[in-house]
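One structure is given here, and the rest of the page talks about it.
The values are calculated or read from the model by the stated rules, or taken from the named source; none is laboratory data. Being a predicted model, the structure only gives us computed values, none of them experimental. Cβ sites come from the backbone with ideal geometry, for glycine too, and all protein chains shown count toward neighbours.
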2 protein chains.
Amino acid sequence: MNRRQFVQCAATGLSGISIRSALKTPITSEPLHINGPRLNRHLDELAEFGQTQTGGVNRIAYSEADLQGREFVRGLMREAGLDVASDTAGNIIGRREGTESGMPSLMFGSHIDSVPQGGNYDGPLGSLGAIEVAQTLAGHNMVLRHPIDVVVFQNEEGGKTGSRAMSGELEPEELALVTHSGHTIGEGIRIIGGDPEYLDSVRRDPAGIVAYVELHIEQGGLLENEQIEIGVVAGIVGIKRWRVTIDGFANHAGTTPMSDRQDALLAAARFIETVNRVVTGMPGRQVGTVGQIEASPGAPNVIPGQVTLSLEIRDLEMHKIDRVYQAIETESRELAEATKIQFSFDQFYLSRAAPTDEGIRQLVGDSAAELGLSALRMPSGAGHDAQSIALLAPIGMIFIPSVGGISHSPQEFSRPEDVVNGADVLLNTVLKLDEAFD
Amino acid sequence: MNRRQFVQCAATGLSGISIRSALKTPITSEPLHINGPRLNRHLDELAEFGQTQTGGVNRIAYSEADLQGREFVRGLMREAGLDVASDTAGNIIGRREGTESGMPSLMFGSHIDSVPQGGNYDGPLGSLGAIEVAQTLAGHNMVLRHPIDVVVFQNEEGGKTGSRAMSGELEPEELALVTHSGHTIGEGIRIIGGDPEYLDSVRRDPAGIVAYVELHIEQGGLLENEQIEIGVVAGIVGIKRWRVTIDGFANHAGTTPMSDRQDALLAAARFIETVNRVVTGMPGRQVGTVGQIEASPGAPNVIPGQVTLSLEIRDLEMHKIDRVYQAIETESRELAEATKIQFSFDQFYLSRAAPTDEGIRQLVGDSAAELGLSALRMPSGAGHDAQSIALLAPIGMIFIPSVGGISHSPQEFSRPEDVVNGADVLLNTVLKLDEAFD
């Protein structure tokens, strides 16, 4: 077989990942299909655990509904012929050995925990889609060369706990964080059958994973707006967040003439406009958001003396985030000089961008094309478990349209035919990966 | 004596007040002076009740410090030869009868309660200045034609309770409001020796008051900036406040492209800029303030779907307030159409403008001129007890400079020489009023 080397995406930000996979020329054949009605039925069944009156789902990690959902998923894995186990972090892993011994495993999956008052697709699609792929393979008596690991990661929404334990990123302090369930993460790990004292054993050796692929809903409106069926994810955006403090001078709103004011909220308004202008003024898909704001003292009859607000910038390229930030910071300095107002910036959050592997992107695109589906390369604006596994192995992600671009809401919805399309692309991508990678 | 009729200010907003006073030609004589060192010493002594470590004062109505301050003030009134009494609202009234029987009283005074963490001049200046005027008259064995009522109103900062009881504006529901002291206003009235069941008896007959004059610090920076010694207050501004609700659509800050957003906070920022532009774009001294803001859901990674904020507009003329509001509302409607954002306005507060009496303004200006002090006609941007008494009698107000324009703060300060100037103007204005009014 001819082999050609993978080209690692240049804009990586993940210099720690070595290029160790090789692509073989894929065998041309009719694409395989998953069982669409079965997958959509499983999605409906899982949605019953934590179902809310508004038609959404409240299946926060470590809750009773989460425990029930996990038990349901284990059953589906067994039906798909997988050997089911949990690691000590509580990630559920369904394994099936391959035909060739000593091969690293092909990993695919997602999560089933939800945000409070969330929807039925963010996580479940990729988890049940992965199990459906395994069941389809079993139904066709197909055994791959590589072992397959179908993974349902725990507590994605509350900090990607399961996948970050696997990549070795989880910090011991995080175990004390209280989650929406009311339990700390450490307590939660025990509740789902893990052991927070032995998380080192969860960490995976990069040599043991050949690739990771995750199917997910887009959570935005790009695919729907462009009427495209499959998103070939170019990478998961990096995120930086700052706490911005704007200091003016609080004074009486009746006795202080307009010309004498050092109104921190007026400066904040100009800052928010500046963020929008700078972010939209550069070419590219970067986004910038001011989501939190607090003005003090916060009375109708007092000119605000101080405003604190959050600034978040996301892009696939970290240096682009920095460029946007620099432009905002420069304009703020000019604003400060003109208005006797002080701006200060304190970065409090960083999530590195995780580009997907160019070879896997090609295989996802080829699979979509063979299935007769339109596809578009696009970034993922949201974080995913794939981001953690990117520290261990080449990753790929497959998106399907979110109706109305709505997510983290009971209104989150993806059409059954799109669900089937996504799982079909996952199935054929896995088959191609098994052929192409060693 | 020649008499000429008073000209009531045209821009009144207080059509209920009849013109019933007549101005007599004043007797030209050397202006009298109060005892400056004594007044400044009294101010220092009062400042000890509720004094804070930062040099300010925490003498909120109905607190222990307030009770001590009231006792101190009663003592000063007695020293000034006044008959001291309280009405059932708890207003302290020091009375001295006049030489002519059956005359309405000349009233002057202010309050001694402070905002939390307030200063030493807002209220005490006018209260102790009025007592000083009475003591100076007593020291010169001068008895006026009219009786004098030196009044220290209770709970000015918490809603002008005392003066509004006197004008009949106090609503029964207000007695249940909890004040900064932890007590309701009703409980507070009992604490200071009044009786909330008999507030009707506090209401004064307009025929019994010939005029009311209040000395106060400016609380703004106009006099200091213009290097003027005395402010002749043209009136107390009217105030309208609205709760503004801005509805957009909350969405994921990572997955929603900039062009698809309905960001309520970005719209709020443009609204705040619009308020500033409209208010400063019209000639006049109107002020407009956004002091409160809340964005929901209020997370760094969620585009705000709703913002609520306060809008306050103040001016001496109510129709000017309405004109400013209309311009803001029109621009908001245009902003809403352009951005798919909804604006709604809910007015929740109204305080009518209270112009001062033109005759009293002239006497204040004449007094300043005779004392060799520079004077400027100006509005009061803050509310005062005089505003309540304007419903009963012609009012006048005298301002002295506030250093740095700072008020409601421990940094509130007026120079001792300005304190003396203000009380001198009050003394001579009272003398002229006694001559000029019947």
- Query: Could you list, in sequence order, the residues of segment A:288-331 that are in a strand (DSSP E or B), at pLDDT 95 or above, out of contact with any Pro (no Cβ under 6 Å at 6 or more places or on another chain) and not β-branched (Val, Ile, Thr)?
  - Reply: A:Gly288, A:Glu294, A:Gln306, A:Leu309, A:Leu311, A:Arg314, A:Asp315
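In the same structural domain as A:Asp357 (by TED's automatic domain parsing) and hydrophobic (A, V, I, L, M, F, W, C): which single residue out of A:Val210, A:Val244 fits that description?
A:Val210
Kindly indicate whether B:Gln347 is outside any helix (DSSP H, G or I) and either at pLDDT below 95 or not basic (Lys, Arg) (or both).
Considered against the rule, which asks whether it is outside any helix (DSSP H, G or I) and either at pLDDT below 95 or not basic (Lys, Arg) (or both), B:Gln347 comes out as yes.
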- Does A:Ala234 satisfy the criteria of being among the aliphatic types (A, V, I, L, M), more than 9 Å from chain B (Cβ to nearest Cβ) and buried (at least 23 other Cβ atoms within 10 Å of the Cβ)? no
- Failed item, numbered, when A:Gly284 is tested on (1) more than 7 Å from every other protein chain (Cβ to nearest Cβ); (2) under 30 Å from A:Ser367 (Cβ atoms); (3) out of contact with any Leu (no Cβ under 7 Å at 6 or more places or on another chain); (4) at pLDDT 95 or above: (4)
- What residue, among those in segment B:350-364 that are among the charged types (D, E, K, R) and modelled with pLDDT of 95 or more, is surrounded by the fewest Cβ atoms within 10 Å (Cβ to Cβ)? B:Glu358
- Note on the structure: The condition from (1) within 13 Å of chain B (Cβ to nearest Cβ); (2) touching a helix residue (DSSP H, G or I) at 6+ places or on another chain (Cβ under 8 Å); (3) more than 17 Å from A:Val244 (Cα to Cα) that A:Arg352 misses is numbered (1)
- Report whether or not B:Ala264 is under 27 Å from A:Val115 (Cα atoms), in contact (Cβ under 8 Å) with a residue 12 or more places away in the chain and either more than 8 Å from every other protein chain (Cβ to nearest Cβ) or surrounded by 19 or more Cβ atoms within 10 Å (Cβ to Cβ) (or both). yes
- Pairs where the first residue, in segment B:349-367, is more than 17 Å from B:Leu215 (Cα to Cα) and the second is assigned to a helix (DSSP H, G or I), C-beta under 6 Å, 6+ apart: B:Ala353/B:Met318
- Among the numbered criteria (1) assigned to a loop (DSSP other than H, G, I, E, B); (2) surrounded by 24 or more Cβ atoms within 10 Å (Cβ to Cβ), which single criterion is violated by B:Met107? (1)
- Note on the structure: Going through (1) more than 16 Å from B:Arg270 (Cα to Cα); (2) of a type outside the set (Lys, Arg); (3) without any contact (Cβ under 8 Å) to a residue 24 or more places away in the chain one by one, A:Asp247 fails only at (3)
- Message: Kindly evaluate A:Leu316 against the criterion of being over 20 Å from the mean Cα position of the chain (by Cα) and crowded, with 18+ Cβ neighbours inside 10 Å.
- Response: no
- Which one of these is touching an Asp or Glu at 6+ places or on another chain (Cβ under 9 Å), modelled with pLDDT of 95 or more and more than 14 Å from every other protein chain (Cβ to nearest Cβ): B:Gly248, B:Gly194? B:Gly194
- Message: Quick check on my filter: what residues within segment B:368-380 are in a helix (DSSP H, G or I) and farther than 16 Å from B:Ala234 by Cβ?
- Response: B:Ala369, B:Glu370
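Which of the residues that make up segment B:170-195 are closer than 22 Å to B:Ser114 by Cβ and not in a helix (DSSP H, G or I)?
B:Leu170, B:Leu177, B:Val178, B:Thr179, B:His180, B:Ser181, B:Gly182, B:His183, B:Thr184, B:Ile192, B:Gly193, B:Gly194 - these are the residues of segment B:170-195 that are closer than 22 Å to B:Ser114 by Cβ and not in a helix (DSSP H, G or I).
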- Task: Tell me which of these A:Arg243 doesn't satisfy, since it passes every other one: (1) farther than 21 Å from B:Gln286 by Cβ; (2) part of a loop (DSSP other than H, G, I, E, B); (3) not small (Gly, Ala, Ser).
- Result: (2)
- May I ask you to say which residue of A:Val278, A:Val302, A:Val324, A:Val290 is closer than 21 Å to A:Thr339 by Cβ and in contact with a strand residue (DSSP E or B) (Cβ under 6 Å, 6 or more places away or on another chain)? A:Val290
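Okay, residues lined up against (1) at the interface with chain A (Cβ under 7 Å from one of its Cβ atoms); (2) of a type in the set (S, T, N, Q):
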position: B:Ala253; (1), (2): yes, no
position: B:Ala269; (1), (2): yes, no
position: B:Thr280; (1), (2): yes, yes
position: B:Arg314; (1), (2): yes, no
position: B:Gln326; (1), (2): no, yes
- Task: Looking for whichever is at pLDDT below 95 and in contact with a helix residue (DSSP H, G or I) (Cβ under 7 Å, 6 or more places away or on another chain) here; the options are A:Leu373, A:Leu335. Which one fits?
- Result: A:Leu335
- Message: Looking at segment A:123-140, can you tell me whether even one residue there is under 18 Å from A:Ile236 (Cβ atoms) and either surrounded by fewer than 24 Cβ atoms within 10 Å (Cβ to Cβ) or at pLDDT below 95 (or both)?
- Response: no
- Select, from A:Ser380, A:Ser367, the only residue that is over 30 Å from A:Leu266 (Cβ atoms), crowded, with 23+ Cβ neighbours inside 10 Å and over 21 Å from the mean Cα position of the chain (by Cα). A:Ser367
- Sort out which residues of segment A:386-401 are crowded, with 24+ Cβ neighbours inside 10 Å, in contact with a Phe, Trp or Tyr (Cβ under 9 Å, 6 or more places away or on another chain) and part of a loop (DSSP other than H, G, I, E, B), and write them in order of number. A:Ala390, A:Ala393, A:Pro394
- Query: Does segment B:34-60 hold any residues that are closer than 19 Å to B:Gly75 by Cα, touching a residue at least 24 places away in the same chain (Cβ under 8 Å), in a loop (DSSP other than H, G, I, E, B) and of a type outside the set (Lys, Arg), and which are they?
  - Reply: B:Ile34, B:Asn35, B:Ala47, B:Gly50
- Could you list, in sequence order, all residues of segment A:61-79 that are over 21 Å from A:Gly182 (Cα atoms) and touching a residue at least 24 places away in the same chain (Cβ under 8 Å)? A:Phe72, A:Val73, A:Leu76, A:Met77, A:Glu79
- Given the residues B:Tyr212, B:Tyr198, which is the only one that is crowded, with 21+ Cβ neighbours inside 10 Å, touching a residue at least 12 places away in the same chain (Cβ under 8 Å) and aromatic (Phe, Trp, Tyr)? B:Tyr212
- Task: Would you mind finding the one in A:Thr184, A:Thr161 that is of a type in the set (Ser, Thr, Tyr) and in contact (Cβ under 8 Å) with a residue 40 or more places away in the chain?
- Result: A:Thr161
- So is A:Ile228 more than 11 Å from every other protein chain (Cβ to nearest Cβ), part of a loop (DSSP other than H, G, I, E, B) and in contact (Cβ under 8 Å) with a residue 60 or more places away in the chain or not? yes
- Here are some residues: A:Gly365, A:Gly404, A:Gly422, A:Gly383. Which one is assigned to a helix (DSSP H, G or I), within 14 Å of chain B (Cβ to nearest Cβ) and among the small types (Gly, Ala, Ser)? A:Gly404
